[in-house]
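Colleague: Sharing a structure here in C-alpha cells format.
The values are calculated or read from the model by the stated rules, or taken from the named source; none is laboratory data. All values reported here derive from a predicted model rather than from experimental measurement. Quick reminder, even Gly has a Cβ in these numbers, built from the backbone with ideal geometry, and neighbours come from all protein chains shown. Each accessible area value is taken on the protein alone, full model and side chains, heavy atoms only, with ligands, DNA and RNA left out. Shrake-Rupley method; radii C 1.70, N 1.55, O 1.52, S 1.80 Å.
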Amino acid sequence: MPELPEVEVSCRGIAPHLEGKTITQVEVRNPSLRWPVPEEVQLLEGQTVLAVKRRAKYLLLETKAGTAILHLGMSGRLRVIDASEVAEKHDHVQIHLDSGKMLRLTDPRRFGAFLWGADAPLSHPLLQKLGPEPLTEDFDGERLYQLSRGRRSAVKTFIMDNHIVVGVGNIYANEALFASGISPKTAAGKISKARYQRLTEEIKRVLAKAIQQGGTTLKDFTQSDGKPGYFVQELQVYGKGGEPCPVCESPLKEIKLGQRSTVYCAQCQR
DNA sequence: AAAGACACCTGTCCGC
DNA sequence: TGCGGACAGGTGTCTT
C-alpha cells in the first residue's frame with residue numbers, strides 16, 4: 001500500500017484526531033509485526049499526543065514519555081474510528097483516545113512495525129542512516145549526480161535506495177523515470193547532471209501530485225477517513241505493461257529490476 | 001563499499 | 001470448483 005504519498009496522506013489524516021488528545025489504552029492484539037511490538041509502547045497510556053510527524057515512510061507519534069514509531073510495510077493501513085468498532089483478524093494495534101475514538105493499525109502481511117523511541121526518535125537505528133526527504137531542498141540533482149558517480153547499478157534501483165533519497169517506492173520510481181525520459185535500466189553512474197536535475201524535478205512533481213490526490217489506491221489503500229486515493233487515475237506506466245505508451249503508443253515493456261516489476265517505454269526512455 | 005539475493009507474511013489472481 | 005504458483009505498494013540483513 002504505502003509509498004511516501006500514502007504515508008503522508010495518512011499522517012495528515014490522523015493528526016487532527018490525535019494531536020492534543022490523551023491516550024487511554026494501548027491495545028496490542030498481535031505483537032508479531034516485522035519486529036515484536038516492544039513492551040515500552042504501554043508507556044503511551046496516559047500520555048498526550050504532542051505531534052504526529054512523518055520521516056521517510058515512518059510515522060512518529062510524539063509524547064512527553066517517548067515516541068511511537070510506525071511503519072506500514074506493504075499492506076498496513078491506519079484508520080481513526082469509533083472505539084466501539086469490533087476488531088477483526090488483521091487489526092493488530094489499537095490506540096484508544098479520550099475522545100472516544102481510536103487509531104487502528106491493520107496489516108495483513110505484517111511487514112509493518114510499531115516501535116518505540118525513548119528519546120530523540122530520529123536517532124533510532126532505523127531512522128539514522130536515511131537520506132533526505134524528497135520534497136525538501138536537501139534533495140536536488142547535484143546530490144543524485146555526485147552520489148551516483150562510479151555506480152553501476154540501474155538508476156531505478158539507485159533512486160529507490162533509502163540512503164540516497166527516502167520515499168521513492170516502486171510506483172513512483174517507475175512514474176518519475178517515465179516522466180523524465182530516462183530508461184530505468186541505465187547505469188546510475190552514466191547519467192548526466194542535467195538529466196539528474198530533470199529526474200529530481202519529476203520525482204518531486206509526481207510525489208507532490210500524488211499527495212494532493214490523496215495517494216494511489218491499488219487494492220486496499222484508503223485515506224484515514226476510508227476514501228480511496230485518486231492518483232491511480234494519473235498513473236502513466238505502473239501496472240500497464242503491454243499497453244500502449246501514453247505518448248508514442250508503442251507497447252510498454254515490463255521487466256524485473258532488483259526483483260521489482262519495472263515498466264517503461266523503450267522508445268521514450270533512453 | 002557496493003550489488004544482489006533473500007527473508008518476512010497473507011491475500012488474490014491466473015492457468016490448468 | 002480446486003490447487004499450485006506467481007505476484008503485490010517495503011526494507012533490513014546476509015552473501016558475494
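Colleague: Filter segment A:28-44 down to the residues that are away from DNA strand C (no atom under 16 Å from the Cβ) and surrounded by fewer than 16 Cβ atoms within 10 Å (Cβ to Cβ), then identify the one that is nearest to A:V80 (Cα to Cα).
Modeller: Among residues in segment A:28-44 that are away from DNA strand C (no atom under 16 Å from the Cβ) and surrounded by fewer than 16 Cβ atoms within 10 Å (Cβ to Cβ), the one nearest to A:V80 (Cα to Cα) is A:R29.
Colleague: Go through (1) open to solvent by less than 10 Å² (accessible area, probe 1.4 Å); (2) assigned to a helix (DSSP H, G or I) and name the single condition A:G189 misses.
Modeller: That leaves (1) as the condition not met.
Colleague: Then there's this: What about A:A173, is it away from DNA strand C (no atom under 16 Å from the Cβ) and in contact with a Lys or Arg (Cβ under 8 Å, 6 or more places away or on another chain)?
Modeller: So A:A173 fails the test.
Colleague: Go through segment A:243-262 and report how many residues are within 13 Å of DNA strand C (Cβ to nearest atom) and not basic (K, R).
Modeller: 7
Colleague: Can you tell me which condition A:G66 does not meet? The list is (1) in contact with a helix residue (DSSP H, G or I) (Cβ under 7 Å, 6 or more places away or on another chain); (2) open to solvent by 20 Å² or more (accessible area, probe 1.4 Å); (3) among the small types (G, A, S), and all the others hold.
Modeller: With respect to (1) in contact with a helix residue (DSSP H, G or I) (Cβ under 7 Å, 6 or more places away or on another chain); (2) open to solvent by 20 Å² or more (accessible area, probe 1.4 Å); (3) among the small types (G, A, S), A:G66 is out only on (2).
Colleague: Yes or no: segment A:1-20 includes at least one residue that is surrounded by fewer than 19 Cβ atoms within 10 Å (Cβ to Cβ) and acidic (D, E).
Modeller: Within segment A:1-20, one or more residues are surrounded by fewer than 19 Cβ atoms within 10 Å (Cβ to Cβ) and acidic (D, E).
Colleague: I'd like to check something: does segment A:228-249 contain any residue that is open to solvent by 40 Å² or more (accessible area, probe 1.4 Å), in contact with a Cys (Cβ under 8 Å, 6 or more places away or on another chain) and assigned to a loop (DSSP other than H, G, I, E, B)?
Modeller: There is at least one residue in segment A:228-249 that is open to solvent by 40 Å² or more (accessible area, probe 1.4 Å), in contact with a Cys (Cβ under 8 Å, 6 or more places away or on another chain) and assigned to a loop (DSSP other than H, G, I, E, B).
Colleague: Taking segment A:192-227, which residues are within 16 Å of DNA strand C (Cβ to nearest atom), among the β-branched types (V, I, T) and buried (at least 22 other Cβ atoms within 10 Å of the Cβ)?
Modeller: A:I203, A:V206, A:T216
Colleague: Given A:D91, A:D98, A:D119, which one is within 29 Å of A:V165 (Cβ to Cβ), assigned by TED's automatic domain parsing to the domain that holds A:K64 and either in contact (Cβ under 8 Å) with a residue 60 or more places away in the chain or open to solvent by 10 Å² or more (accessible area, probe 1.4 Å) (or both)?
Modeller: Within the list A:D91, A:D98, A:D119, the selection yields A:D119.
Colleague: Any chance segment A:163-181 includes a residue that's more than 16 Å from DNA strand B (Cβ to nearest atom) and polar (S, T, N, Q)?
Modeller: Scanning segment A:163-181 turns up at least one residue that is more than 16 Å from DNA strand B (Cβ to nearest atom) and polar (S, T, N, Q).
Colleague: Can I ask one more? From (1) under 21 Å from A:A210 (Cβ atoms); (2) assigned to a helix (DSSP H, G or I); (3) open to solvent by 20 Å² or more (accessible area, probe 1.4 Å); (4) within 15 Å of DNA strand C (Cβ to nearest atom), pick out the condition that doesn't hold for A:A179.
Modeller: (4)
Colleague: Scan segment A:192-203 and tell me whether some residue there is farther than 24 Å from A:A154 by Cβ and under 14 Å from the mean Cα position of the chain (by Cα).
Modeller: No.
Colleague: In this structure, does A:K156 turn out to be modelled with pLDDT of 95 or more, assigned to a helix (DSSP H, G or I) and within 14 Å of DNA strand B (Cβ to nearest atom)?
Modeller: In short, yes.
Yes or no, residue by residue, for (1) within 15 Å of DNA strand C (Cβ to nearest atom); (2) over 18 Å from A:E8 (Cβ atoms); (3) open to solvent by less than 60 Å² (accessible area, probe 1.4 Å); (4) small (G, A, S):
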| site | (1), (2), (3), (4) |
| --- | --- |
| A:P108 | yes, yes, yes, no |
| A:K129 | yes, yes, no, no |
| A:G141 | no, yes, yes, yes |
| A:Q146 | no, yes, no, no |
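Colleague: I've got another one for you. Output the residues belonging to segment A:151-174 that are open to solvent by 10 Å² or more (accessible area, probe 1.4 Å) and among the charged types (D, E, K, R).
Modeller: Correct list: A:R151, A:R152, A:D161.
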